[in-house]
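To keep things clear, I will list the structure first and then write my remarks on it.
Only the coordinates and a few stated rules stand behind these numbers; no lab work does. All of these numbers come straight from a predicted model, not from anything done at the bench. Backbone-built Cβ (ideal geometry, glycine too); neighbour counts: all protein chains shown.
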Amino acid sequence: MMNNTATREGNRMNVPIWKRELSINTQQLVTMALLVALDIVLSRFGSINLWNTRIGFGFVPIVVAGMLLGPFKAAVTAAVADIIGALLVPTGAFFPPLTVTAVLRGILYGIMLKYVPEYLSRVIDDPKKYQKAWIGVCAATTLFDQLAFGMLLQSYWLSLLYGSPYTGMMASRVLQIAILIPVEFVVLVFLPRLTDKLQPFLQSNKKGR
């Protein structure tokens, strides 16, 4: 994330992380609701949905939630979007463990794309070095998300749901993972250009207190 975002949040660094995570203002609540709706649209209508595969940009709203709101609110956003989407626009049987993966992804995005950049902005002054570090963070986040969650964990849940062999389920998802790794990486690298502009809106309530 860009250095100017970290600078704007400098006065919040002394607030304990748990307080930052559990506190919520009206703008953040509205943002979470909008991201839930956008996630449902992109995941259920704007993606290729098969019984064991989903290729699309449904991950973007949760990435935005992680960047803007942190791991707790991103996890809540992901869980609500997954449950409501599965109930209103089902693409298969509703299986709660699949929601666990969505929650874990929200936590991952919040930690790696909000708090890690905040730390990097305090220890790296050179913009070029910071940008290289940010690219490394995006690469690590993408690979962990797609390989640990998308390939290993999600394949395990699907093998339980459909009674399919685990290794066969993983093999059937290789194409999805191969497509989503570069897509997610590019989105993560460039998305802060948008989220940086939204930060003042989300913090306006706090500034007025």
Quick one: what are the phi-derived ³J(HN,Hα) couplings along segment 133-142, Karplus 6.51/-1.76/1.60 with θ = phi - 60°, whole Hz, x for glycine and proline?
-> 5, 4, 4, x, 4, 5, 5, 5, 5, 4
How high is the FRET efficiency between Ile48 and Asp125 when r is their beta carbon distance and R₀ equals 35 Å, given to the nearest 0.05?
-> 0.20
Lys129, Lys114 arranged by Cβ crowding within 10 Å, fewest neighbours leading = Lys129, Lys114
Debye intensity ratio in log₁₀ form over the Cα atoms of the chain, taken at each q of 0.08, 0.12, 0.19 Å⁻¹ | -0.28, -0.62, -1.38
Computed E for Ile179/Leu87 - FRET, C-beta separation, R0 30 angstrom, nearest 0.05 | 0.65
Neighbour-count ranking [beta-carbon atoms within 10 angstrom, fewest first] of Val189, Val30 | Val30, Val189
Per-residue HN-Hα couplings for segment 88-105, Karplus 6.51 cos²θ - 1.76 cosθ + 1.60 at θ = phi - 60°, whole Hz, x for Gly and Pro?
-> 7, 10, x, 10, x, 5, 6, 9, x, x, 5, 5, 4, 4, 4, 4, 4, 5
